[in-house]
Amino acid sequence: MELPRYHRMRRALYHLEGSACAACGGRFFPPRSVCPSCRKGDLAPYRFSGRGTLYSYTRVGQAPRGFASLAPYDVGMVRLEEGPLVTAQLSDTEGVDLAIGMPVEMVTRTLRDAAEHGYIVYGYKFRPLLRP
Amino acid sequence: MKTTQEVGIVGYGAYVPRPRVPTRAIAAAWGRSDEARLPVREKSVPALDEDSITMSIEAARSAVARARVAPDRIRAVWVGSESKPYAVKPSSTVVAEAIGATPWVSAADLEFACKAGSEAMQAAYAFVGSGMAGYALAIGMDAAQSKPGDQLEFTAAAGGAAFLFGPSPEAVARVEGSLSYVTDTPDFFRRQHMHYPEHGHRFTGEPAYFAHSRGAAQGLLESLGRRPSDYRWAVFHQPNPKFMRRIAAEMEFTEQQIAPGAVVDRIGNTYSGASLLGLAAILDVAKDGDRIFFCSYGSGAGSDAFSLLATRRLEEVREEAPSVRDYLARRHEIADYGTYLRMSGKIRLL
Ligand SMILES: [Zn+2]
């Protein structure tokens, strides 16, 4: 049962909430408890805007266990406008010519097959801008 | 019905998923070739990673963005839908969490066939108007269910809208009054063990949709001392293009008044989302001082009518979020019936 883990992660999943270092100004996603740049522990929650650009992408045809209901789908690395690089599924890409550097925005979607006990995991994905 | 304090819609947001299924693909799968009789050309369906919760979240975020209100000031999130992802577990809590309204918030899912969303609007209007809440969010959203092969399969679509109610001075549209009209009419129903709803064929028209829409609409006009010609725009529930136009014509609303809100023509019937999505499309074009007439319908049966007055603020905040037109313009065609069945979750392993 992974329910406690998803519940703990919900701010990251729903809001793209990471952390910001008070000492050096670094911003991190996923959230950290110690700053990877300056090693200080004074980090506060930080919500990313959800805007970024596509850094790289690939199509997943043969989905791993737990994702078959979504296949085929695209996975991308997204450079958030605040700096961090996030790996996530891409949405609404059917028929779209993806390109490196393409602007994308965060949306909240179902992330995987409903588990055997029926729990639905919602979280961030990225899509090409709805209003380019 | 009027509240003791003046209330308005302070923000609104729409959602329509990107996939579209041409109704001729559905007709072909069932061996029907009479294209002329298809009620709409295509309908919207959710992508594989979408459901009424994810669609509600996006519409709600747009409503909050247009209102420019801190989400932790929202005191209620009410979601009206007949396509809840969970039989037991509220959709509204996920939406409230995702927009940042938790934990000091009321939340519940409302159910009343296609009237669930406007029932949420009535509750939000009252919650703010009583002084209990500064802001309350009402959502109507559906990924509509229909039995494969049934007539409803040609129109059952996905989409909806969210409306944030708040103090009148911040309104994009002031609420002038509302009215509900409800009776026990068995035109459409689904028991818990059934996958798809049943409709009571001869019951769906005159004694159901028309009688209740007429009841609420005429009742509200009379209580406000208004005529249809006092309104610039009007929207009715839209199960198909024909019903909506027949009630509008009968009430003496013109095609010009209903045209911008006639979203059914483009994407089909979004059930709980339909009249709300139509209202959102009207707010996309309304100008300061325009009066808007709204009337929903839900099987079972009942209608909620609202009288609204657009303000200057509407034009100021409109661009803060995507318009209904933006959502209608983005589309990806799913031309084969098998893919459509998979996307609507209709393939079940025995
Ligand atoms: Zn640091």
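The values are calculated or read from the model by the stated rules, or taken from the named source; none is laboratory data. The structure presented is a predicted model; accordingly, all values stated were derived computationally and were not measured. All Cβ positions, even for glycine, are placed from backbone atoms using ideal geometry, and neighbour counts span all protein chains on display. All accessible areas refer to the heavy atoms of the entire protein, side chains included, with ligands and DNA or RNA removed. Shrake-Rupley method; radii C 1.70, N 1.55, O 1.52, S 1.80 Å.
Reported count of residues in the range B:100-128, each being crowded, with 24+ Cβ neighbours inside 10 Å and within 14 Å of chain A (Cβ to nearest Cβ), is 1. Assessment of the range B:53-75 against the conditions (farther than 30 Å from residue B:103 by Cβ, under 16 Å from the mean Cα position of the chain (by Cα) and more than 14 Å from chain A (Cβ to nearest Cβ)) yields no matching residue. Taking the criterion of being more than 16 Å from the ligand (Cβ to nearest atom), at pLDDT 95 or above and within 14 Å of another protein chain (Cβ to nearest Cβ), the residues of the range A:45-70 that qualify are A:47, A:48, A:49, A:50, A:51, A:60. Evaluate the range B:177-189: report whether one residue or more is closer than 30 Å to residue B:7 by Cα and buried (at least 22 other Cβ atoms within 10 Å of the Cβ). There is at least one residue in the range B:177-189 that is closer than 30 Å to residue B:7 by Cα and buried (at least 22 other Cβ atoms within 10 Å of the Cβ). The condition of being within 11 Å of chain A (Cβ to nearest Cβ) and over 20 Å from residue B:281 (Cβ atoms) holds for only one of B:94, B:16, that being B:94.
Of the residues B:222, B:250, the single one that is on the phi < 0 side of the Ramachandran plot and without any contact (Cβ under 8 Å) to a residue 40 or more places away in the chain is B:222. Looking at the range A:116-132, which of its residues are open to solvent by less than 40 Å² (accessible area, probe 1.4 Å) and over 17 Å from the mean Cα position of the chain (by Cα)? Selection gives A:118, A:130. Please work out which one of (1) free of Cβ contacts under 8 Å to residues at least 24 places away in the same chain; (2) more than 10 Å from every other protein chain (Cβ to nearest Cβ) is the condition residue A:121 fails and give its number. Evaluating residue A:121 over (1) free of Cβ contacts under 8 Å to residues at least 24 places away in the same chain; (2) more than 10 Å from every other protein chain (Cβ to nearest Cβ) leaves (1) as the failure. Among the residues of the range B:50-81, those identified as open to solvent by less than 30 Å² (accessible area, probe 1.4 Å) and in contact with a helix residue (DSSP H, G or I) (Cβ under 6 Å, 6 or more places away or on another chain) are B:53, B:56, B:57, B:60, B:64, B:66, B:76, B:77, B:79, B:80, B:81. Only helices (runs of 4 or more DSSP H) whose full extent lies in the range B:188-275 are considered here, and the ones with at least 1 residues that are over 30 Å from residue B:326 (Cβ atoms) are B:211-224, B:241-250. Criterion applied to A:73, A:6 was being more than 21 Å from residue B:47 (Cβ to Cβ), aromatic (Phe, Trp, Tyr) and either within 16 Å of the ligand (Cβ to nearest atom) or within 12 Å of chain B (Cβ to nearest Cβ) (or both), and the one residue passing it is A:6.
Among the residues of the range A:33-44, are any within 16 Å of the ligand (Cβ to nearest atom) and not in a loop (DSSP other than H, G, I, E, B)? Yes, there is a match, as at least one residue in the range A:33-44 is within 16 Å of the ligand (Cβ to nearest atom) and not in a loop (DSSP other than H, G, I, E, B). Checking the stated criteria, residue B:179 turns out to be touching a helix residue (DSSP H, G or I) at 6+ places or on another chain (Cβ under 6 Å), assigned by TED's automatic domain parsing to the domain that holds residue B:286 and either within 27 Å of residue B:45 (Cβ to Cβ) or of a type in the set (A, V, I, L, M, F, W, C) (or both). Scanning the range B:19-49 for residues that are within 14 Å of chain A (Cβ to nearest Cβ) and open to solvent by less than 20 Å² (accessible area, probe 1.4 Å) yields B:19, B:20, B:21, B:44, B:45, B:46, B:47, B:49. Inspection of the range A:83-104 finds a residue satisfying the criterion of being open to solvent by less than 70 Å² (accessible area, probe 1.4 Å) and within 16 Å of the ligand (Cβ to nearest atom).
Which pairs do you get when a residue that is on the phi < 0 side of the Ramachandran plot, found in the range A:30-59, comes within reach of a residue that is among the acidic types (Asp, Glu) and open to solvent by less than 50 Å² (accessible area, probe 1.4 Å), reach meaning Cβ atoms under 6 angstrom, with the pair 6+ apart or on two chains? So the pair list comes out as A:45/A:17; A:47/A:17; A:48/A:82; A:51/A:105; A:57/A:74; A:59/A:74. Give the residues of the range B:129-175 that are open to solvent by 20 Å² or more (accessible area, probe 1.4 Å) and farther than 28 Å from residue B:27 by Cα, sorted by residue number. Scanning the range B:129-175 gives B:130, B:131, B:132, B:134, B:167, B:169, B:170, B:174.
Does residue A:94 satisfy being among the acidic types (Asp, Glu) and more than 14 Å from every other protein chain (Cβ to nearest Cβ)? For residue A:94, the condition - among the acidic types (Asp, Glu) and more than 14 Å from every other protein chain (Cβ to nearest Cβ) - is not met. Within the range A:93-107, the set of residues being touching a residue at least 24 places away in the same chain (Cβ under 8 Å) and over 15 Å from the mean Cα position of the chain (by Cα) comprises A:93, A:96, A:98, A:99, A:100, A:101, A:102. Can you spot a residue in the range A:13-23 that is within 12 Å of chain B (Cβ to nearest Cβ), open to solvent by less than 70 Å² (accessible area, probe 1.4 Å), of a type in the set (D, E, K, R) and not in a strand (DSSP E or B)? For the range A:13-23, residues within 12 Å of chain B (Cβ to nearest Cβ), open to solvent by less than 70 Å² (accessible area, probe 1.4 Å), of a type in the set (D, E, K, R) and not in a strand (DSSP E or B): absent. When the range B:314-350 is filtered for residues that are surrounded by fewer than 20 Cβ atoms within 10 Å (Cβ to Cβ), under 30 Å from residue B:2 (Cα atoms) and more than 10 Å from chain A (Cβ to nearest Cβ), the ones remaining, listed by number, are B:315, B:316, B:317, B:318, B:320. When residue A:72 is tested against (1) on the phi < 0 side of the Ramachandran plot; (2) surrounded by 14 or more Cβ atoms within 10 Å (Cβ to Cβ), exactly one condition is not met: (2).
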